Ligand code: SAM
Ligand code: SF4
């Protein structure tokens, strides 16, 4: 499958509608053209500033607009974050992701954030931040500090977005992705399934991602965690096979992108996760907490990986393969 950014929504809907076994087979075939199907990249995601967010994302227990009872915590000290990064590295994570419940970074603490990037980089890990919307200057400063990835999820289709968030627009999310890409930082952007969206919306989300000037280097596919106190706490669960189809379509249309099986794994069966890996998912967040929510534990992941003969991505070997391919 060649690398395309000119997808049409109908192309994506046609993929969704393929017979499930054909779609899964096509996704696994394309996956093997670009990745070792036995490897999964493992990241660790830490909440460095928790709760009292000014945005009103209807899925999020960190929003100050919802009564979720989540205690708020101010920005962590740099040393405390580096201690957590060291722990994650010992547990096998190759990337350390730091998330803040902000609309965007604040000037008074931005140097502290930059010091976290430099410190984690100094541990020999890939660095990722997800801090909300960025200005051009902020993106450039993060790039100078050595940031490898910036996460900023589009979350759903442009058409459905206003039903999920009202304090910012889909367009503003795209503007931040432009600033991140233009600063030379790898883009991590994906979405959430189970927000009440339709298949057309799921196709719309993937269309927005796969028609960016460059495919995101990583695409997290979250399954909604129905957080108590949020407007979506009683949302209807997305069908498991619709979730797997979305992973497969993401793999097919963004063949070189890391597709991350992100939030929701604590509630996912081993079988569902196995199908997602077969469909081309090749990255996870590890550790029992994902920001402020439950995640699959390290023991559960070790047991699943053993059953599926999966191992952690060897980042150096992957980068060497990439470099060899780029000169070929
Ligand atoms: N505040 C920053 C932002 O929104 O970009 C970064 C942190 S935010 C919590 C990171 C991502 O986690 C969100 O973009 C969303 O995709 C995902 N997320 C948040 N709450 C979730 C939930 N209840 N279920 C699944 N995914 C969720
Ligand atoms: Fe704030 Fe991010 Fe949660 Fe939205 S998803 S409420 S921006 S922390």
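Observations on the structure shown:
- In units of the compact-protein estimate 2.2 N^0.38 Å, region 202-251 shows a Cα radius of gyration of 1.34.
- Applying the Kirkwood pairwise sum to the alpha-carbon positions of region 218-278 produces a hydrodynamic radius of 12.3 angstrom.
- The order of 272, 257, going from fewest to most other C-beta atoms within 10 Å of their C-beta, is 272, 257.
- The value obtained for region 218-328, namely the Cα convex hull volume divided by the number of residues, is 119 Å³ per residue.
- Here, P(r) means the percent of Cα pairs in each 10 Å bin from 0 to the largest distance; for region 98-150 it is 27, 62, 11.
- Each Cα pair under 8 Å and six or more residues apart adds its sequence gap; the mean of these over the residue count of region 87-189 is a relative contact order of 27 percent.
- Beta bridges per DSSP, both residues in the chain: antiparallel share near 10 percent.
- With all pairs of separate Cα atoms included, region 54-96 yields a Kirkwood hydrodynamic radius of 12.8 Å.
- In the frame of its principal axes, region 50-130 has Cα extents of 38, 28, 17 Å, reported largest first.
- Ordering 258, 25 by the number of other Cβ atoms within 10 Å of each residue's own Cβ, fewest first, gives 25, 258.
- Average Cα contact separation per residue, the chain, under 8 Å, 6 or more apart, as relative contact order %: 24 percent
- Nearest-0.05 FRET efficiency for residue 137 and residue 269, computed from C-beta distance (R0 56 Å): 0.80
- Compactness of the chain, taken as the C-alpha radius of gyration over 2.2 N^0.38 Å, stands at 0.93.
- With neighbours defined as other Cβ atoms within 10 Å of a residue's Cβ, the residues 103, 202, 168 order from fewest to most as 103, 168, 202.
Values in this text are rule-based calculations from the coordinates and carry no lab data. Computed from a predicted structure; not experimentally measured. Cβ sites come from the backbone with ideal geometry, for glycine too, and all protein chains shown count toward neighbours.
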